[in-house]
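No value in this document is a laboratory result; all are computed from the given coordinates. Quick caveat, the model's predicted, so the values are computed rather than measured. Cβ placement follows ideal geometry from the backbone for every residue including glycine, while neighbour counts extend to all protein chains displayed.
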Amino acid sequence: MLHGPAKAEAIKALAAREGSDLSRCSAYSDSYNDLPMLSMVGTPIAINPDSKLRAHAKAQGWRIRDYRTGRKAARAGLVVAAAAGGVSGAVAAGAAVRARRH
């Protein structure tokens with residue numbers, strides 16, 4: 001398994017062997033650990049990036065694609081709905097208990 005600078009070196013060797021111009025190549029990653037690889041190609045793309053890669057990609061003007069956004073929004077919506085339901089239920093229960101006492 002290649003990681004970090006070792007991945008970049010392997011890609012450089014492969015490009016030399018195949019005669020590929022890395023400035024005309026694309027690469028994508030989700031991890032800041034792949035920064036050496038992303039930095040050596042003409043079109044680096046951050047896909048579902050971790051926070052460090054997102055910040056770096058943004059600063060460098062690289063494309064960022066996050067396909068998790070819809071799921072994150074749905075999950076956040078469920079949490080908000082559950083919390084609102086819990087609060088509403090507690091208020092209703094409190095009102096019912098109060099009504100019985102009076």
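Observations on the structure shown:
- Listed by chain and number, the aspartates and glutamates whose alpha-carbon sits under 17 Å from that of residue 12, ignoring those within fewer than 8 places in the same chain, are 21, 34.
- Electrostatic dipole magnitude of the range 1-67 [Cβ: Lys, Arg +1; Asp, Glu -1; Cα centre; debye, to 20]: 140 debye
- Residue 47 long-range amide H proximity, modeled H, under 5 Å: 29, 30, 65
- Ranked for footprinting exposure by Cβ neighbours inside 10 Å, fewest first, 32, 67 give 67, 32.
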